[in-house]
Amino acid sequence: MLTIEKAELLLLVAGVVAMLARRFQLPYSVGLVFAGIVLALLPFAPNIQLTKELIFNAFLPPLIFEAAFHINWKELRKDLPVVMLLATVGVVLSAGITTLGMHYLSHWDWITSLLFGVLIAATDPVSVIAIFKEAGVHGRLRQLVEAESLFNDSTAAVAFGIALVIATGGNISPIGIAQSLGVMIIGGLACGAVLAGSVLALAGRTEDPLVEITFTVIAAYGSFLLAEHLHVSGVLATLTAGLIVGNIGSLGAISDKGREGVESFWEYAAFVVNSLIFLLMGMLEAHQNFTSVLIPIVIGIVFVTLGRAVSTYFCCAFFMRSTLQVKPAHQHILFWGGLRGALALALALGLPPELSYRNEIVTVSFAVVAFSIFIQGLTITPLLRAMGEISPSETI
């Protein structure tokens, strides 16, 4: 269990890593994962299990809410066609290419390949947003990356739920799949809207910043837990709640002083949760036996990367002759900035123990996430400089 004592130790490590990462101009998330690996090898390392429940119920809601809270709806609405195409068709393409690679080259059965392809398809806001914030990326590029990663998390989580039903012997028809998709999406949107509307109505009756912060916490966790309880999309519910509170709350439902407090609170909350997630990722990476599935790992990395490339450039090609055109430099960054992280691990760790190839899926998922964080994470800032998104002298 993640006790207070263990959390204190991890936060101490995170604080030191943050200082060193800034000094040596390294991405904070990469430093945390490396520190987690080193910490796991020490004799006094805390024994903490990173589980689906911990990631889903404790870590994801604040991260998704904080990111959605800061997205400007008016700006997002302009790019919504691009974001939605990347988050839907892009996820399907990426998952399909990975599935084909794992089936034909790793010789996994179709269901196992599909499960892995879907859970690893979405880019993760935990990794992507942390890297881009540190690199100082602003404007349309950052909005595209943040919004797409948030929306495609919802797509992947919903698709994974349906794939898992099929994998565990559930009998579901194409019509049933469509109905399940509709229920999970509409239900998630409704849960987020109801919780956000309720807390904003309450927040409008007070000007106490501490109470207003409390209401936003209820919106973040309450929308997620309510949606999961009703078996609809918790990720989409929290995303919806964050967008509503962040945009409608600024119209007067949250006081000016309360807004400052809310923004400061969620910035710190995201820092704490990011720190814990990346450290725990590193600690679990240290105990993975990658040599046992080395060939599937290489195939997985190659096809996950290939799938991301195809989905990014294919979807952006639809807007080449429109006002929504995504310039080539931004496409390259969208492709290479498609890091994987906590969501993929949560879905993999949540697979039923009796499922065939479960251990292989978990190990390959950890390997892909490790490649994503270390290789892509360490090279994304030089790519940003090469593409002219940050100045050569700017530090992260």
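Summary table below
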item	result
Most fluctuating residue given options Q143, Q179, Q331, as computed from a GNM of the chain linking Cα atoms under 10 Å	Q179
Relative contact order %, the stretch 1-75, counting alpha carbon pairs below 8 Å whose residues are six or more apart	29 percent
Portion, in percent, of the accessible area of the chain that falls on carbon or sulfur, probe 1.4 Å	67 percent
The chain, relative contact order [Cα under 8 Å, separation at least 6], %	30 percent
The chain: Cα Rg divided by the 2.2 N^0.38 Å rule of thumb	0.95
Most mobile of L280, L345, L324 in a GNM of the chain (Cα contacts under 10 Å)	L324
Per-residue ³J(HN,Hα) for the stretch 341-356, Karplus 6.51 cos²θ - 1.76 cosθ + 1.60, θ = phi - 60°, Hz, x for Gly and Pro	x, 5, 4, 4, 5, 4, 5, 5, 5, x, 5, x, x, 7, 5, 5
F34 accessible area, assembled protein chains, probe 1.4 Å, Å²	120 Å²
Normalised contact order of the stretch 52-189, rounded percent, pairs of Cα under 8 Å and 6 or more residues apart	28 percent
For the chain, calculated [θ]222 nm from helices alone, where every DSSP H run of n ≥ 4 adds -39500 (n - 2.57)	-24500 deg cm²/dmol
Max mean-square fluctuation residue, GNM over the chain, Cα-Cα springs under 10 Å, options S365, S198, S223	S198
Table column - 3J(HN,Hα) (Hz), the stretch 151-160, Karplus curve with 6.51, -1.76, 1.60, x for Gly and Pro	6, 6, 4, 5, 4, 5, 5, 5, 5, 5
L306, L80, reordered so the largest accessible area comes first (probe 1.4 Å)	L306, L80
Over the stretch 1-147, volume per residue of the alpha carbon convex hull, in Å³	160 Å³
³J(HN,Hα), Karplus 6.51/-1.76/1.60, whole Hz, each residue of the stretch 9-24, x for Gly, Pro	4, 5, 5, 4, 4, 4, x, 5, 4, 4, 5, 5, 4, 5, 5, 9
Entries in K52/K327; K52/K78; K6/K52; K6/K257; K74/K133; K133/K257 that, when Cα-Cα distance is taken, lie over 26 Å	K52/K327; K52/K78; K6/K257
The stretch 260-325-the stretch 329-367 distance, computed between alpha-carbon centres (Å)	8 Å
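The values are calculated or read from the model by the stated rules, or taken from the named source; none is laboratory data. Note that the structure is a prediction, hence the values are computed from the model and not measured. Side chains included, ligands, DNA and RNA excluded: accessible areas come from the protein's heavy atoms. Shrake-Rupley method; radii C 1.70, N 1.55, O 1.52, S 1.80 Å.
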